[in-house]
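In what follows, a single structure is set out as structure tokens and then discussed.
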Amino acid sequence: MARRALGPATLQLVQALSNLPSAPLLVACSGGPDSLALAAAAAVLGDRRGTDVRAVVVDHGLQAGSAQVAGGVVEQLTTKLSLPAVVVSVVVVATASGPEAAARAARYAALEAAATDSELVLLGHTLDDQAETVLLGLARGSGPRSLAGMPAVRGRFHRPLLGLRRQVTEAACVELGLAAWVDPHNSEERFARVRVRQRVLPVLEAELGPGVAEALARSAALARADADLLDELAAVELGEPEADLLDCARLAQLAPALRSRVLRAWLLACGAAEVSAAHLAAVTGLVTDWHGQRWVEIPGLRVSRSQGSLRAVGN
């Protein structure tokens with residue numbers, strides 16, 4: 001991007017990226033204001049550091065004209081930000097988890113495949129996205145891990161804008177003369193996240209005062225710290241389980257919060273496709289409320305109790 005005086009919103013974005021490791025960057029860009037502003041800030045950072053920055057636009061093919069939209073985003077990235085950019089088309093396969101989850105899985109797989117070994121992948125989620133995620137977790141009755149929201153870092157994926165409101169990214173696009181694409185799905189209230197964004201959060205801000213989104217994001221950070229510690233303790237407690245067996249007497253002695261994490265980690269290690277709160281409650285019943293029940297079915301596994309141990313076999 002050509003050198004120019006940066007506006008206050010753009011400077012905030014660049015500052016938010018300043019703690020990223022010095023490595024090549026791959027920006028996931030949908031063309032919306034968040035990811036477009038992220039790409040602009042990454043371009044500035046790369047210029048200052050002398051590191052490579054490029055962008056990838058994932059076309060899910062879920063809307064008419066999506067290929068044209070993706071092509072327009074690439075043109076803007078290359079001409080206005082001087083960023084190398086490509087379109088990656090994916091096929092979204094419907095799953096029981098719903099279309100949003102299926103599209104997300106396809107997108108992350110495409111980003112992982114597009115990134116080189118040395119590149120960090122930047123995602124444009126903001127504080128508003130984090131607040132929405134926490135509220136959705138509360139509505140589902142999720143545990144602390146879901147209430148912890150999205151991590152700032154997971155492997156090669158980084159979310160450097162989690163401390164900034166969406167209005168900052170929108171202002172940065174105006175400062176830089178970038179035309180952000182507005183996803184029609186973002187106004188369709190059949191999606192729970194859209195209802196939270198357009199109706200729930202505004203009501204909370206109006207009734208409880210400003211700062212609700214920031215408070216939700218802070219709560220997520222606190223919950224994440226606790227969840228991370230419990231996960232570490234669970235990993236130590238689980239150790240290397242004997243094949244597909246887990247000792248019930250030892251499990252029964254654990255605090256419930258730790259036991260549920262040990263069970264979740266064990267079930268996933270044994271090949272469970274999904275472990276919900278209901279699945280955990282049923283498997284926990286084999287440990288703490290054993291009265292001869294035969295087995296528990298969860299996606300990918302059948303869990304039973306035999307001779308004082310839990311046993312998991314594929315189903």
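Before moving on, here are some points about what is shown:
- Tally, over the stretch 264-288, of residues that are outside any helix (DSSP H, G or I) and either among the basic types (K, R) or within 11 Å of V303 (Cα to Cα) (or both): 2
- Contacts under 8 angstrom Cβ, first residue in the stretch 270-294 being charged (D, E, K, R), partner assigned to a loop (DSSP other than H, G, I, E, B), 6 or more apart: E274/S97; E274/P299; E274/G300
- Residue match in the stretch 40-60 (condition: under 20 Å from Q130 (Cβ atoms), hydroxyl-bearing (S, T, Y) and at pLDDT 95 or above): no
- Any hit, the stretch 262-277, residues being in contact with a Lys or Arg (Cβ under 7 Å, 6 or more places away or on another chain) and either over 18 Å from L238 (Cα atoms) or modelled with pLDDT of 90 or more (or both): no
- Of all residues making up the stretch 273-313, the number that are closer than 18 Å to Q253 by Cα and surrounded by 15 or more Cβ atoms within 10 Å (Cβ to Cβ): 9
- Screening G31 with (1) on the phi > 0 side of the Ramachandran plot; (2) of a type outside the set (S, T, Y); (3) at pLDDT below 90 gives one miss only, at (3).
- The set of residues in the stretch 233-246 being surrounded by 14 or more Cβ atoms within 10 Å (Cβ to Cβ) and either within 24 Å of E297 (Cβ to Cβ) or not aliphatic (A, V, I, L, M) (or both) consists of A234, E237, L238, P241, D244, L245, L246.
- L20 within 21 Å of the chain's Cα centre (by Cα) and part of a loop (DSSP other than H, G, I, E, B): yes
- For beta carbons closer than 6 Å, sequence separation of 6+ or different chains, a first residue in the stretch 150-176 that is in contact (Cβ under 8 Å) with a residue 40 or more places away in the chain and a second that is surrounded by fewer than 17 Cβ atoms within 10 Å (Cβ to Cβ), the qualifying pairs are E175/G7.
- Candidates R224, R261, filtered to the one that is charged (D, E, K, R), surrounded by 15 or more Cβ atoms within 10 Å (Cβ to Cβ), part of a helix (DSSP H, G or I) and not assigned by TED's automatic domain parsing to the domain that holds G308: R224
- Checking the stretch 187-204 against the condition returns no match, with no residue being in contact with a Gly (Cβ under 9 Å, 6 or more places away or on another chain), surrounded by fewer than 17 Cβ atoms within 10 Å (Cβ to Cβ) and closer than 28 Å to G72 by Cβ.
- Against the test of being over 20 Å from A115 (Cβ atoms) and either exposed (fewer than 13 other Cβ atoms within 10 Å of the Cβ) or touching a helix residue (DSSP H, G or I) at 6+ places or on another chain (Cβ under 6 Å) (or both), the options G61, G7, G72, G32 yield a single qualifying residue, G7.
The values are calculated or read from the model by the stated rules, or taken from the named source; none is laboratory data. Model, not experiment: these values are computed from the prediction. Ideal geometry is used to build each Cβ from the backbone, glycine not excepted, and the neighbour counts take in all protein chains shown.
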